[in-house]
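Okay, so here's the structure we're looking at.
The values are calculated or read from the model by the stated rules, or taken from the named source; none is laboratory data. Because the structure is predicted, anything quoted here is derived from the model rather than measured. Every residue, glycine as well, gets a Cβ built from its backbone with ideal geometry; the counts of neighbours run over all protein chains shown.
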Amino acid sequence: MTQVDARPASAGGREPDRAAQARFGYLLVHFVEDPYGHEERIHYSLSRGDDPTAWDRLGVVVESRLGTTGLRDPHVVRSPRGDEFFLVATDLRVFGGDDAGWDAWQRHGSRSLVVARSTDLVQWSEPRLVEVAPPEAGMAWAPEAFWDARGGHYVVHWSSTLYDPADTEHAGESYSRILCATTTDFVTFSPARVLLDTGRTTIDTTMIEHDGRVFRFHKDNSPGGRELYMDVVPHALSDDAVVLAERIGADRFGHVEGPLVFRANDAERWYLFVDQYGEAGQGYRPFVTDDLTSGAWKPMDGRFDLPDRTKHGVVLPLHDDEWHRIAEAFHP
């Protein structure tokens, strides 16, 4: 990992508007499931040209020696002016670390996120641990960051179990809900608040904005629940949600989680990758729609070329120079 200047920058500035530049190619930022090695690090996979269905794995770009020394569930957000990127990830090492198990990790896991910054998507700053979840939380998992133009800040959200403050041992019963905090620089964060509490175990929220509304995907992990479902809200911090679809991917792929969603560079088309788990060959499986507002997702026809065990991350649509810069930096 190569270190760059980690000083944060504000959302203002005079840099050119990158939105007007040609979009080309996609970057998939993810981790790899490997019970036998240490792959709980941040990996890159790069689209073959402008094709979001064919990918080449480039390798590891960020590794953590902090906290649990594991990095899972990475997410990258582009700044509103397009000249810097922030990475957030779960501080959890499942393989080769503390073997306490999932119940213990949800009660006494890391309440911090791993954060890094880049200006070119090639070099990343040394990662930092930022404590965002309150003491009554059991952990802070699957973080994502969303630029909220309405509020002029990033909304960073994650899943946490919450316990009564008097239950300092976190021995009681609880369930995961989605918490959030706001930031402008990924150094100072507002106090955490509950963003989504359905009374059922909810994890892996992701968001995308379209036509002035925010479309969200969540995993309901409760028995008999909605499984992976989709809703829409007026803005990122709203609790006025309308459910558009439930049990996405369940009939075809069984257990799925860790959704990522992105818009195609060249068309009014959206891709939804869902993370299949619990079976051999686990990893992302693709869905597609030409109408994000419909909630109707079709399994993608044809070839989908992505190595197995590519797990829980984000696809970042790129500009032409970004794709070529990454390709030149990482391809042998």
### Message
As an exercise: evaluate Val187 against (1) free of Cβ contacts under 8 Å to residues at least 40 places away in the same chain; (2) over 30 Å from Asp291 (Cβ atoms) and give the number of the one condition it does not meet.
### Response
(1)
### Number of the exception - Arg41 against (1) at pLDDT 90 or above; (2) in contact with a Pro (Cβ under 9 Å, 6 or more places away or on another chain)
(2)
### Query
Which ones in segment 227-264 are assigned to a loop (DSSP other than H, G, I, E, B) and surrounded by 19 or more Cβ atoms within 10 Å (Cβ to Cβ)?
Ala236, Ile248, Gly249
### Message
Out of the strands (runs of 3 or more DSSP E) lying entirely within segment 76-158, which hold 1 or more residues that are aromatic (Phe, Trp, Tyr)?
### Response
85-91, 141-148
### Query
Does any residue of segment 206-225 turn out to be under 23 Å from Val114 (Cα atoms), modelled with pLDDT of 95 or more, surrounded by 14 or more Cβ atoms within 10 Å (Cβ to Cβ) and in contact with a Lys or Arg (Cβ under 6 Å, 6 or more places away or on another chain)?
yes
### Query
When you look at Asp251, is it without any contact (Cβ under 8 Å) to a residue 12 or more places away in the chain, closer than 19 Å to Tyr284 by Cβ and out of contact with any Phe, Trp or Tyr (no Cβ under 6 Å at 6 or more places or on another chain), yes or no?
yes
### Task
Please give the number of the condition Val29 fails out of (1) under 18 Å from the mean Cα position of the chain (by Cα); (2) not in a strand (DSSP E or B).
(2)
### Message
For segment 267-299, which positions are assigned to a loop (DSSP other than H, G, I, E, B) and within 19 Å of Asp211 (Cβ to Cβ)?
### Response
Ala267, Glu268, Arg269, Asp290, Asp291, Gly295, Ala296, Trp297
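For (1) surrounded by fewer than 21 Cβ atoms within 10 Å (Cβ to Cβ); (2) without any contact (Cβ under 8 Å) to a residue 60 or more places away in the chain; (3) over 22 Å from Thr205 (Cβ atoms); (4) under 19 Å from the mean Cα position of the chain (by Cα), each residue gets a yes or a no:
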{"position": "Val88", "(1), (2), (3), (4)": "no, no, no, yes"}
{"position": "Val114", "(1), (2), (3), (4)": "no, yes, no, yes"}
{"position": "Ala142", "(1), (2), (3), (4)": "no, no, no, yes"}
{"position": "Phe146", "(1), (2), (3), (4)": "no, no, no, yes"}
{"position": "Gly152", "(1), (2), (3), (4)": "yes, no, no, no"}
{"position": "Val155", "(1), (2), (3), (4)": "no, no, no, yes"}
### Query
Can you pull out the residues in segment 60-73 that are farther than 16 Å from Gly283 by Cβ and either buried (at least 18 other Cβ atoms within 10 Å of the Cβ) or touching a Pro at 6+ places or on another chain (Cβ under 9 Å) (or both)?
Val61, Val62, Glu63, Ser64, Arg65, Leu66, Gly67, Thr68, Gly70, Leu71
### Query
Out of all the residues in segment 73-84, is one or more more than 30 Å from Asp164 (Cβ to Cβ), modelled with pLDDT under 95, in contact with an Asp or Glu (Cβ under 6 Å, 6 or more places away or on another chain) and not aliphatic (A, V, I, L, M)?
yes
### Message
I'd like the full set of residues that are among the hydroxyl-bearing types (Ser, Thr, Tyr) and either exposed (fewer than 14 other Cβ atoms within 10 Å of the Cβ) or at positive phi (or both), limited to segment 32-59.
### Response
Tyr36
### Message
Quick check on segment 90-112: of everything there that is among the aliphatic types (A, V, I, L, M) and surrounded by fewer than 19 Cβ atoms within 10 Å (Cβ to Cβ), which residue is modelled with the lowest pLDDT?
### Response
Ala100
### Summary
For segment 309-332 the number of residues that are modelled with pLDDT of 95 or more, of a type in the set (A, V, I, L, M, F, W, C) and either surrounded by fewer than 19 Cβ atoms within 10 Å (Cβ to Cβ) or under 16 Å from Glu144 (Cβ atoms) (or both) is 5
### Only one of Ala171, Ala137 that is surrounded by fewer than 17 Cβ atoms within 10 Å (Cβ to Cβ), under 28 Å from Asp103 (Cα atoms) and more than 16 Å from the chain's Cα centre (by Cα)
Ala171
#### Entry: The lone exception for Tyr36 - which of (1) modelled with pLDDT under 95; (2) touching a His at 6+ places or on another chain (Cβ under 7 Å) it fails
(2)
